[in-house]
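*Asks:* Sharing a structure, written as structure tokens. Questions coming.
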């Protein structure tokens, strides 16, 4: 990662965004207390902990359920609705948005959401560029289907899968259960997590809550980017996406290039 004290220009933001393709993996290195804790625990358990959060790049061209984007202008307390260009770069993930986090609003509500949502990728890059010590990077998929698929029938089939995924995940809330979060990293806690899920099954649907890397892994399994056999997305942590995944229930192979950091 580069010198975080250097002011990032608008042109550097543009150049970074040009490297981002739909379905590539956005990686974040946050500076808040939770992000620092995630990085520290991953460092201790996996040997590397530079990534505290992950999201997926998306555009309206590939997820055609995105028909408008709402942008919040804090200075005027105003939400503007825009018709996005098909290649409008968005970030798709499970997180806390808006003024309660990094200041970048939910692109579909223009407000704060605690769960799966789309947000403006360029605004996210700027937010992390301006935050001392924080960083955002792009991990380009080694075999990105938006580029690999050339047959129009196959491309339309992928768009259909992404529309189905939009409906499947749009109401998912971020998983704030500390046992679930810790069990994703520590195998010895997974038995207790699974037992609790079994006990709560009559009242809490399992897929009602997802943390960031769980959502990304689930989406990639749905799309066939990750082999889903014997993989539990609940056991995937942010650092796993950058090649430090060594457990028995994991991504199993490196699916993306090393991060290209903004700073």
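*Asks:* Considering (1) surrounded by 13 or more Cβ atoms within 10 Å (Cβ to Cβ); (2) out of contact with any strand residue (DSSP E or B) (no Cβ under 6 Å at 6 or more places or on another chain), say which one residue 77 fails and leave the rest.
*Replies:* (1)
*Asks:* Separate question: Residue by residue through region 126-139, note down the ones that are within 13 Å of residue 261 (Cβ to Cβ) and surrounded by fewer than 19 Cβ atoms within 10 Å (Cβ to Cβ).
*Replies:* 133
*Asks:* I'm told residue 99 meets every condition in (1) free of Cβ contacts under 8 Å to residues at least 60 places away in the same chain; (2) within 23 Å of residue 216 (Cα to Cα); (3) under 19 Å from the mean Cα position of the chain (by Cα) except one. Can you identify the failing condition by its number?
*Replies:* Going through (1) free of Cβ contacts under 8 Å to residues at least 60 places away in the same chain; (2) within 23 Å of residue 216 (Cα to Cα); (3) under 19 Å from the mean Cα position of the chain (by Cα) one by one, residue 99 breaks only (2).
*Asks:* Can you pull out the helices (runs of 4 or more DSSP H) entirely within region 150-263 that have at least 1 residues that are more than 23 Å from residue 39 (Cβ to Cβ) and either modelled with pLDDT of 90 or more or within 15 Å of the chain's Cα centre (by Cα) (or both)?
*Replies:* Fully inside region 150-263 and qualifying: 152-169, 190-200, 212-223.
*Asks:* Right, another one. Quick one: which of 207, 230 is closer than 14 Å to residue 174 by Cα and out of contact with any strand residue (DSSP E or B) (no Cβ under 6 Å at 6 or more places or on another chain)?
*Replies:* It is 207.
*Asks:* Next up: Report, ordered by the first and then the second residue, all pairs with beta carbons closer than 8 Å, sequence separation of six or more or different chains, a first member in region 243-263 that is on the phi > 0 side of the Ramachandran plot and surrounded by fewer than 19 Cβ atoms within 10 Å (Cβ to Cβ), and a second member that is part of a loop (DSSP other than H, G, I, E, B) and modelled with pLDDT under 70.
*Replies:* 252/245
*Asks:* Continuing with the same structure: Under 7 Å by Cβ, and 6 or more places apart or on different chains, what pairs join a residue from region 219-239 that is on the phi > 0 side of the Ramachandran plot and surrounded by 16 or more Cβ atoms within 10 Å (Cβ to Cβ) with one that is modelled with pLDDT under 90 and assigned to a loop (DSSP other than H, G, I, E, B)?
*Replies:* If the second residue must be modelled with pLDDT under 90 and assigned to a loop (DSSP other than H, G, I, E, B), no pairs are left.
*Asks:* Any chance region 10-18 includes a residue that's free of Cβ contacts under 8 Å to residues at least 24 places away in the same chain and part of a strand (DSSP E or B)?
*Replies:* No, every residue in region 10-18 fails to be free of Cβ contacts under 8 Å to residues at least 24 places away in the same chain and part of a strand (DSSP E or B).
*Asks:* Count, please, the residues in region 67-102 that happen to be under 21 Å from residue 238 (Cβ atoms) and either part of a strand (DSSP E or B) or in contact with a helix residue (DSSP H, G or I) (Cβ under 8 Å, 6 or more places away or on another chain) (or both).
*Replies:* The qualifying residues number 9.
*Asks:* Another one. Would you tally the residues in region 198-218 being touching a helix residue (DSSP H, G or I) at 6+ places or on another chain (Cβ under 9 Å) and either touching a residue at least 12 places away in the same chain (Cβ under 8 Å) or crowded, with 17+ Cβ neighbours inside 10 Å (or both)? Step through it out loud before you land on a result.
*Replies:* Let us first name the residues in region 198-218 that are touching a helix residue (DSSP H, G or I) at 6+ places or on another chain (Cβ under 9 Å), namely 200, 204, 206-207, 209-218.
Right, trim to either touching a residue at least 12 places away in the same chain (Cβ under 8 Å) or crowded, with 17+ Cβ neighbours inside 10 Å (or both) and you get 207, 209-218.
Matching residues across region 198-218 total 11.
*Asks:* Of all residues in region 14-31, count the ones that are within 19 Å of the chain's Cα centre (by Cα) and farther than 17 Å from residue 94 by Cα.
*Replies:* Final tally of qualifying residues: 7.
*Asks:* Follow-up question, since we're still on this one. Say whether the condition of being in contact with a helix residue (DSSP H, G or I) (Cβ under 8 Å, 6 or more places away or on another chain) and in a loop (DSSP other than H, G, I, E, B) is met by at least one residue in region 31-40.
*Replies:* No, there is no match, as no residue in region 31-40 is in contact with a helix residue (DSSP H, G or I) (Cβ under 8 Å, 6 or more places away or on another chain) and in a loop (DSSP other than H, G, I, E, B).
The values are calculated or read from the model by the stated rules, or taken from the named source; none is laboratory data. Computed from a prediction, not measured in an experiment: that's the story for all the values here. All Cβ positions, even for glycine, are placed from backbone atoms using ideal geometry, and neighbour counts span all protein chains on display.
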